[in-house]
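Following: one structure in structure tokens, then a few remarks.
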Amino acid sequence: DGGITQSPKYLFRKEGQNVTLSCEQNLNHDAMYWYRQDPGQGLRLIYYSQIVNDFQKGDIAEGYSVSREKKESFPLTVTSAQKNPTAFYLCASSMPGQRKLFFGSGTQLSVL
Amino acid sequence: QKEVEQNSGPLSVPEGAIASLNCTYSDRGSQSFFWYRQYSGKSPELIMSIYSNGDKEDGRFTAQLNKASQYVSLLIRDSQPSDSATYLCAVNSLYNNNDMRFGAGTRLTVKP
């Protein structure tokens, strides 16, 4: 079945540690996105990528980094510079020219 | 002013009633409008999209768009307990087709 797979489902970060969230899709979608969701707030865009080897910052990119070496994969690294990383992280993808977003199941990141 | 505003709720309706969810947006040039349903701890799922003024019906769901007044609404007829979820309004950014702006969501509870 086609879809978007995020892993892990739960992740814990220690002070000063970088952690990487995985996002893989087999929908053959060109565009991929990372959103952050905090309780009681809407989704906020961290980074997006329209094609391989290219990505753009969203509204809250500070403290995060991404790569897009393969069409299927768009990992997100939460660096130690992100002082408030506790949130629900959602990866999404879409077809070119279409605005419908397909979401992965999410990763809940917490700080130890 | 938030770009996309929704009443956070909770909105509670009895089973079989009509649930009415409202959303206003600030970007007058927005072109595309979406309603996502999100169950607790899960990822958002697209249930309706609307692009032109008027009503769009899909089963028990009706989306209504009024661009002059900058609001979009979602009606759920014959509400079921399984409709209990948070409903996110999303608006496509005028300046960037890859940037979807989300409201904070309205939590709906349908009581048996």
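The values are calculated or read from the model by the stated rules, or taken from the named source; none is laboratory data. The structure displayed is predicted, hence computed values, not measured ones. Note that each Cβ is placed from the backbone with ideal geometry, even for glycine, and that neighbours are counted across all protein chains shown. Accessible surface is based on the protein model in full, side chains and every heavy atom, while ligands, DNA and RNA are left aside. Shrake-Rupley method; radii C 1.70, N 1.55, O 1.52, S 1.80 Å.
Determine the distance separating the Cα centre of segment A:34-112 from the Cα centre of segment B:47-77; give it in Å without decimals.
So the separation of the two Cα centres works out to 28 Å.
Mind giving me the FRET efficiency for A:K9 and A:D54? R0 is 35 Å, r the Cβ-Cβ distance, nearest 0.05 is fine.
Step by step, r from the Cβ atoms, then E = 0.75.
Return an integer: the convex hull volume of the alpha-carbon atoms of chain B, in Å³ per residue.
95 Å³
With every protein chain kept in the model, how would you rank B:R28, B:R107 by accessible area, 1.4 Å probe, largest at the top?
B:R28, B:R107
Need one number: nm distance between label points at B:K111 and B:S69, each 7 Å from Cα along Cα→Cβ, rounded to one decimal.
2.8 nm
Can you give the average number of partner chain beta-carbon atoms within 10 Å of each beta-carbon in peptide A:100-112, as a whole number?
Other-chain Cβ atoms within 10 Å of each residue's Cβ, averaged: 3.
Calculate log10 I(q)/I(0) of the protein assembly as shown for q = 0.13 Å⁻¹, where I(q) comes from the Debye formula with a single equal point scatterer on each Cα and nothing for solvent.
-0.76
Restricting things to alpha carbons, find the Rg to Rh ratio for chain A using the Kirkwood radius for Rh.
Taking Rh as the inverse mean 1/r over Cα pairs, Rg/Rh reads 0.94.
Each residue of segment A:46-60 in order: what ³J(HN,Hα) in whole Hz does its phi give by Karplus 6.51 cos²θ - 1.76 cosθ + 1.60, θ = phi - 60°, with x for Gly and Pro?
My calculation for segment A:46-60 gives 9, 8, 9, 9, 9, 8, 4, 6, 9, 8, 10, 6, x, 6, 10 Hz in order.
If I take every Cα pair under 8 Å that is 6 or more residues apart in chain A, average their sequence separation and divide by the length, what percent do I get for the relative contact order?
For chain A, the relative contact order is 35 percent.
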